Amino acid sequence: MTVLDTKKLKLRQQFRYVPVEGVRAVLAYKYRSKDHSILYKHVMSPFADFLLKITPYSLAPNLITLLGLVCNIVPPILCYIYRPDLSGPLIPWVVWLSSALWITYIHLDNLDGKQARRVGMSTPMGLLFDHQTDALTTTIQVPV
């Protein structure tokens, strides 16, 4: 059994309720994205490349995504704990910590895809998890 056959078998087991054509479409799907912004090209991507060099191979890309999600869940909880009625200013350390956690999320979000490609664990399910985390992040950040 080849590596491709093993991947197909795993996908078939994961998607047992999806028609065969759907599984073929998932296997054929290739995500391609480009960010042409100056900030990404000269700051974000080089910093993610630096982080990638110090990231162990054993660290799963989905764990990086999950850590980024945790970084997004903590600030609203802190805001609710220290200002449950959302009236008045927040304590300065809560503002600074929230900012630091959101910046950390941005870098972790950039790092997870690079780690997935580096260790050969780039999958459609990982892509979906990453995009759903991004969508949840947008939902969380807007009210805060």
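The values are calculated or read from the model by the stated rules, or taken from the named source; none is laboratory data. Note that this is a predicted model, so its numbers are computed, not measured. FYI the Cβ positions are ideal-geometry reconstructions off the backbone, even for glycines, and counts take in every protein chain you see. Surface areas here come from the heavy atoms of the whole protein model, side chains and all, with no ligands, DNA or RNA. Shrake-Rupley method; radii C 1.70, N 1.55, O 1.52, S 1.80 Å.
Starting from the Cα gyration tensor of the range 95-144, take the square roots of the eigenvalues, sort them a ≥ b ≥ c, and report rounded, prolate or oblate (rounded when a/c is under 1.5, otherwise prolate if a/b is larger than b/c, else oblate).
Numbers: a/c = 5.39, a/b = 1.72, b/c = 3.13.
Because a/c hits 1.5 or more and a/b fails to exceed b/c, the range 95-144 counts as oblate.
List every DSSP H helix in the chain whose Cα atoms extend 30 Å or more along the helix's own long axis and whose mean Kyte-Doolittle hydropathy is at least 1.0.
61-82
Work out the FRET efficiency for Asp85 and Thr139 from their Cβ-Cβ distance, taking R0 = 30 Å, and round it to the nearest 0.05.
Taking R0 as 30 Å, the efficiency between Asp85 and Thr139 is 0.90.
At Gln14 and Val70, where each label point lies 7 Å from the Cα along Cα→Cβ, what is the point-to-point distance in nanometres?
Spacing of the two 7 Å Cα→Cβ label points: 2.3 nm.
For the chain, what relative contact order do you get, as a whole percent, if you take Cα pairs closer than 8 Å and at least 6 residues apart?
RCO, the chain: 31 percent.
Between their Cα atoms, which of Lys7/Lys41; Lys10/Lys53; Lys7/Lys30; Lys10/Lys41 are more than 26 Å away from each other?
Lys7/Lys41; Lys10/Lys53; Lys10/Lys41, as the Cα separations exceed 26 Å there.
How much mean residue ellipticity at 222 nm does the chain get from its helices, if each DSSP H run of length 4 or more adds -39500 (n - 2.57) and you divide by all residues, to the nearest 500 deg cm²/dmol? Don't jump to the answer; show the numbers that get you there.
Working: 6 runs with 99 residues, N = 144.
After summing the helix terms and dividing by residue count, I get -23000 deg cm²/dmol.
Just flag the chymotrypsin sites (Phe, Trp or Tyr not before Pro) in the range 19-54 sitting in loop per DSSP whose Cβ has no more than 12 other Cβ atoms within 10 Å.
In loop regions of the range 19-54 (DSSP not H, G, I, E or B), the sparsely surrounded chymotrypsin sites (Phe, Trp or Tyr not before Pro) are Tyr29, Tyr31.
Would you work out what percent of the accessible area of the chain, with all protein chains in place, is carbon or sulfur (probe 1.4 Å)?
Here carbon and sulfur together make up 67 percent of the probe-accessible area.
Within 10 Å of each candidate Cβ there may be at most 15 other Cβ atoms; applying that plus a DSSP loop requirement, which trypsin sites (Lys or Arg not before Pro) in the range 29-105 survive?
Filter output for the range 29-105: Lys30, Arg32, Lys34.
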